[in-house]
Structure formats: C-alpha cells, structure tokens
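Down below is the structure, laid out as structure tokens.
The values are calculated or read from the model by the stated rules, or taken from the named source; none is laboratory data. Keep in mind that what you see is a predicted model, and the values were worked out from it rather than measured. So basically every Cβ, Gly included, is an ideal-geometry build from the backbone, and we count neighbours across all protein chains shown. Accessible surface is based on the protein model in full, side chains and every heavy atom, while ligands, DNA and RNA are left aside. Shrake-Rupley method; radii C 1.70, N 1.55, O 1.52, S 1.80 Å.
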Amino acid sequence: MRGTAGRIAILCASAALAAACSTSPEPGAEVSSVSLPNGNGVYKIGEPYEQEGLWYYPREQPEYDETGIASWYGVDFHGRRTANGEVFDANGLTAAHPTLPMPVNVQVTNLENGKSLVLRVNDRGPFKHGRIIDVSQHAAQLLGFYGKGTAKVRVTYLARADEPGGAPVDSTTATAVAAAPTAAVQVASLDPVAAAAAPATTAAPLPQPVLQDPPPPDVPSPSPEKLDAKLEAKADTPPVVTTVPVPAATHLYVQVGAFSIKENAERLKNRLSTAGNLTISSIDRKGHTLYRVRVGPFDDVSTADSALAEINGLGSSDAKIVVDQ
C-alpha cells in the first residue's frame with residue numbers, strides 16, 4: 001500500500017481544504033515536472049486491511065456505482081509509488097479508492113457542475129471516513145473542485161485499465177477475510193445492486209444491512225463507447241472532460257444501512273435512537289423494496305461529517321455519506 005502512513009500523518013495546512021487533506025498551490029498551478037521513476041504496476045485486488053480503526057475489503061466490483069464526497073491529493077505524494085506499484089503523478093488523471101481493484105477506469109461526475117472525467121484508479125485511499133474517492137490534483141482542477149477541496153460526485157466503474165508495460169497480474173485476492181480480526185459479514189440475498197459498499201466492523205453486533213446507496217441522482221449512465229475495456233486515463237492523453245445533466249439541487253445524507261426486511265431497519269434505528277432524527281425510507285430496486293436507515297438531509301459537508309462522526313461514536317462504522325435529491 002503506497003504512502004498510507006504518510007498520507008494519514010500529513011495534516012492539512014489550509015482550513016479551506018481541510019476536508020480534502022491535500023496541499024494548496026495557487027489555483028490552476030501544475031506540479032513542477034520532475035524525473036519520475038519507472039512505475040510498471042500490477043493488476044491487484046489486495047487483502048483486507050485496517051486504517052484508522054476501520055477495516056476495508058477490496059474485491060472485484062464491476063457493478064460499482066456510488067455517490068459520495070470526493071477529495072484530492074497532490075504534490076506531497078508526487079513521484080511516490082502507488083498501491084499497485086505505479087508512480088503517482090499529480091498532473092496525471094488518476095485516483096485512489098479504498099476497495100476497487102487496481103488499475104481500473106472509473107467515470108467521476110461532479111454532481112455540482114456536471115463535469116465528468118474518466119480516471120485510472122491505481123492507489124488506495126482516501127482514509128478520511130466519509131470520503132468516497134481521492135483524485136489527483138489535475139483531475140480536481142478539471143472537475144472544478146480544486147479550490148473548494150471536496151465535491152459531491154458519482155463514481156461509476158467502467159472496466160479494467162490496461163496493465164502498464166504489460167506487467168504481470170498480481171494473484172493476491174481478498175479471499176483471506178478470515179484472517180482479519182473482525183466479525184463475520186453476512187449479506188442478505190438480493191439481486192445484484194449497483195452500489196455495494198465494503199463492510200466494516202462494528203463495536204457491537206448490529207442487524208446486517210444489505211449495504212446499498214440510494215439510487216444515484218438522475219445522471220445519464222456512461223455511453224457504450226465509454227464502457228470499452230480499452231478506455232484509458234493517461235497523463236499523456238489529452239483529458240476529455242464532458243458535461244452531463246445533473247439535478248439542480250442535491251443533498252447529503254448519512255446512511256447507516258439498507259435492509260430488505262423492514263423489521264431489521266427498525267431494530268437498527270431503535271438501537272441508534274440517541275443519534276436523533278434517524279428515519280427509514282423505502283426504495284424500489286429491481287423489484288425489491290429496500291428500507292434505508294439514514295439521517296439528513298444536509299447541505300454542507302462539515303455538517304454531514306459531524307453527523308457521521310456522531311453515528312460512528314455509537315458503534316456503527318458501516319455508516320457513510322451519500323448524495324441524493
């Protein structure tokens with residue numbers, strides 16, 4: 001795992017970008033060109049790992065389609081090895097994700113301005129709870145949230161990226177879950193859904209949710225051309241930034257879990273009753289009704305972060321921030 005301890009240890013120097021945990025050069029500035037080492041990485045899933053008290057479970061996720069908060073990282077990690085052995089270029093079009101295989105291509109859409117870009121996931125992160133993806137500095141500039149530090153985004157899996165330099169595939173997988181010091185994870189039977197999140201341990205047994213986000217806001221799905229397995233996001237390829245329709249207004253919610261059985265949702269809601277304002281809302285997904293336990297809406301990231309921290313403190317580390325209308 002590339003630079004994990006270093007990334008967590010680095011404190012954000014600017015309060016305006018504190019949520020992003022990244023450096024803050026002048027807007028629009030590029031990282032100085034330096035001679036970067038060769039970085040032929042491998043295709044890798046990786047084993048379960050722990051950061052800041054949370055366990056993450058990397059796995060193949062071809063149906064991945066989630067909403068949440070994006071942040072960015074830049075010069076502090078420029079030239080360092082990524083988690084799959086490539087070299088991070090802050091001027092490149094790459095991203096870090098806690099559980100997706102590497103390298104894969106994802107479509108990242110800024111739900112605040114409609115800007116959309118294909119990025120290559122080749123690193124692990126972000127490790128700030130409540131963040132869904134960490135994009136490179138240049139990607140943040142192109143997506144329009146470099147100065148702000150964070151943005152509401154939709155992240156959609158496209159395909160495996162071509163392994164750089166024909167590097168061999170790494171056979172490490174996430175099958176050794178039993179080795180992780182965490183309770184067994186049980187997932188209720190349900191048709192494949194588009195936004196399955198990685199399970200994490202909880203301080204005390206809670207009803208096991210079918211972890212699923214609310215449907216992403218009404219943003220067009222990637223076109224068939226973009227689903228081509230050869231689609232690449234490379235620093236030496238001119239970036240293609242598209243603009244897609246997005247809802248006029250979106251809100252943030254802290255989702256604790258989603259269940260196919262309403263009684264399980266009610267049990268979790270009652271157990272976390274001291275959090276206040278928890279509600280249960282139903283949604284139809286492919287003919288199945290899911291009951292979501294969540295709190296919100298919130299209109300700013302800091303308030304959502306505070307609500308997430310409160311729920312985490314009650315022993316629910318499965319909770320996450322999602323975007324909905």
Next on the checklist: Which pairs turn up if I take residues in the range 305-317 that are on the phi > 0 side of the Ramachandran plot and look for partners that are at pLDDT below 90 with beta carbon separation below 6 Å, at least 6 apart in sequence or on another chain?
Outcome noted: 315/202; 315/203; 315/204
Checklist outcome for this item: Scanning the range 279-325 for residues that are buried (at least 21 other Cβ atoms within 10 Å of the Cβ) and over 20 Å from residue 133 (Cα atoms) gives 290, 291, 292, 293, 294, 295, 311, 316
Checklist entry - Cβ-Cβ below 6 Å, separation at least six or inter-chain, first residue in the range 40-54 and more than 13 Å from residue 100 (Cα to Cα), second exposed (fewer than 15 other Cβ atoms within 10 Å of the Cβ): which pairs? => result 40/165
Checklist entry - Of the residues 40, 110, 105, which single one is farther than 27 Å from residue 304 by Cβ and open to solvent by less than 10 Å² (accessible area, probe 1.4 Å)? => result 105
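For the range 310-325, what are the residues that are over 11 Å from residue 254 (Cα atoms) and either of a type in the set (Phe, Trp, Tyr) or part of a helix (DSSP H, G or I) (or both)?
Quick first cut of the range 310-325, residues over 11 Å from residue 254 (Cα atoms) only: 313-317, 325.
Selection gives 313 alone.
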Checklist entry - Considering the range 124-135 alone, what residues qualify as being within 17 Å of residue 158 (Cβ to Cβ) and open to solvent by less than 10 Å² (accessible area, probe 1.4 Å)? => result 133, 135
Next on the checklist: Could you list, ordered by first residue, the pairs with Cβ atoms under 7 Å in which the first is in the range 77-88 and among the polar types (S, T, N, Q) and the second is part of a loop (DSSP other than H, G, I, E, B), at least 6 apart or interchain?
Outcome noted: 82/2; 82/41; 82/88; 84/41; 84/42; 84/103
Checklist entry - So, of the residues in the range 52-72 that are among the charged types (D, E, K, R) and farther than 28 Å from residue 141 by Cα, which turns out to be modelled with the lowest pLDDT? => result 52
